[in-house]
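Notes for the one structure printed next.
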Amino acid sequence: MRHTQSLRSPAAEASAADGPAHGSDAPDGMDRTPPPLPKLEGPTAPGWRERCGGWVRAAAWQALGFALSVLGGWVAHRAGMPLPWLLGALAVTAVLAAFGRTVNVVALRSYALVLLGLGLGQSFSPTILLSIAQALPLIAGSSVLTIVTGLAAARIYIRMVGLDPKTAFFCGVPGGVVLMAIHAQRAGVSESHVTLAQTIRLMMVVVIYPLLIATVLPHELAADGWSETATATSLPILVMWCLAGLGAAHVGRTLGLPNPWMLAPCVLAIALASSGSLPAHLPPLLIIMAQVVLGASLGARMTPDFIRSAGPLLLASVLSTLLLCALLLSLGALVSLWGGLPMTATLLGMAPGGMPEMAVTAHDMGASVPLVLGFHLVRVVLSNLLMEPIWRAARALRLI
């Protein structure tokens, strides 16, 4: 071995000192090259600071965007606008989204709906529940009329967009975005078209109805026996009550309820409030923050991609929404006069918008929240039961 080493050249000796090259100097022909060291991961890895910086900047932008949404709501409130916190936040986030700066509140929307469900359901009482039960036949008939008006709107989608009749029907029927998307999926029609159409309609309705009602019916308030006032509650009980609402929402989600984040907590609050055992009342600040989140989630959808993807559907949705508003405002006024129901609550109950948005509008405008919720809850139930039969009857009668 010593003799072999003495015959090596200085270059070979240097190569041996640095390590064998892929086994060329290994006596047994095996590769003795040590494995490469693993790349470091963590704070010392290249790009770690850049990634952290990106996360911090994104979080800072989202916080700033939400603060601007709150500011928009406050400005609208100071200006005396109806439904200011929702509409102000919607306007701010819509402008930001149009310029490519989206405020992402998707993670907060579910919790906001839980708060709205608890806050709106707490306005029920045994007396109010009895009044709604007595008006149930009229509410049910009005809900069927509301669904049927979708046939008139469907014709616009057929003529202007060229949609097939069934897709056009689900685009035209008044309802919430989530609920109608579920119905579209079950019916096997284009879910994207239905979601776009319902989203555009919802954003128009939450602007048109408050402004119109505040102008035409400025003096009608909820002092009509259809609403209850809330009392203050302690912080620990309030936290436990919010957690109970969140648990109810998860149960509703497991059971497959439509819009479980609002509906399940609302049903829980209604059951306890109507029996006189409601443990807590949500303070107005939580309701305001929930409205800001709801408005920001609507406005954030108005991205350039959304507007481009809407195409001809955008104009058709605008025209169909105007038609539905005219029809349902007229029908709502007739139902209110005929049944002796409060005008504002009846108009909002028959509005072609979603349950959370219309219930929040009723709360903000001093209208009867229980009655509005009663209209929309009945519509949700009847939509699940009658949507397909109404569609088949309309096709059989060649109405669409």
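The values are calculated or read from the model by the stated rules, or taken from the named source; none is laboratory data. As the structure is a computational prediction, the values presented were derived from the model and not from experiment. Cβ sites come from the backbone with ideal geometry, for glycine too, and all protein chains shown count toward neighbours.
Here are a few things to note about the model shown:
- Highlighted here would be helices (runs of 4 or more DSSP H) found entirely within the range 309-373 that include at least 3 residues which are modelled with pLDDT of 90 or more, farther than 20 Å from residue 294 by Cβ and β-branched (Val, Ile, Thr), but there are none.
- All of 316, 271, 300, 280 fail the test of being crowded, with 21+ Cβ neighbours inside 10 Å and either within 14 Å of residue 241 (Cβ to Cβ) or among the hydroxyl-bearing types (Ser, Thr, Tyr) (or both), apart from 280.
- Of the listed requirements (1) surrounded by fewer than 21 Cβ atoms within 10 Å (Cβ to Cβ); (2) of a type outside the set (S, T, N, Q); (3) modelled with pLDDT under 90, residue 393 misses just one: (3).
- Number of the exception - residue 137 against (1) surrounded by fewer than 19 Cβ atoms within 10 Å (Cβ to Cβ); (2) not in a helix (DSSP H, G or I): (2)
- Residue match in the range 156-171 (condition: aliphatic (A, V, I, L, M), out of contact with any Leu (no Cβ under 9 Å at 6 or more places or on another chain) and either at negative phi or modelled with pLDDT under 85 (or both)): yes
- Verdict on residue 215 being farther than 20 Å from residue 114 by Cα, of a type in the set (Ser, Thr, Tyr), surrounded by fewer than 18 Cβ atoms within 10 Å (Cβ to Cβ) and at pLDDT 85 or above: yes
- The C-beta contact set for the range 122-141 (first residue farther than 14 Å from residue 336 by Cα and touching a residue at least 40 places away in the same chain (Cβ under 8 Å), second residue of a type in the set (A, V, I, L, M, F, W, C) and in a helix (DSSP H, G or I), distance under 7 angstrom, 6+ apart or interchain) comprises 122/269; 122/273; 123/369; 124/270; 124/273; 125/273.
- Of all residues in the range 66-80, exactly one satisfies the criterion of being in contact (Cβ under 8 Å) with a residue 60 or more places away in the chain and either among the β-branched types (Val, Ile, Thr) or part of a loop (DSSP other than H, G, I, E, B) (or both), namely 70.
- Test result for residue 71, farther than 21 Å from residue 212 by Cα and either charged (D, E, K, R) or more than 19 Å from the chain's Cα centre (by Cα) (or both): yes
- Some residue of the range 176-183 being in contact with an Asp or Glu (Cβ under 7 Å, 6 or more places away or on another chain) and not in a loop (DSSP other than H, G, I, E, B): yes
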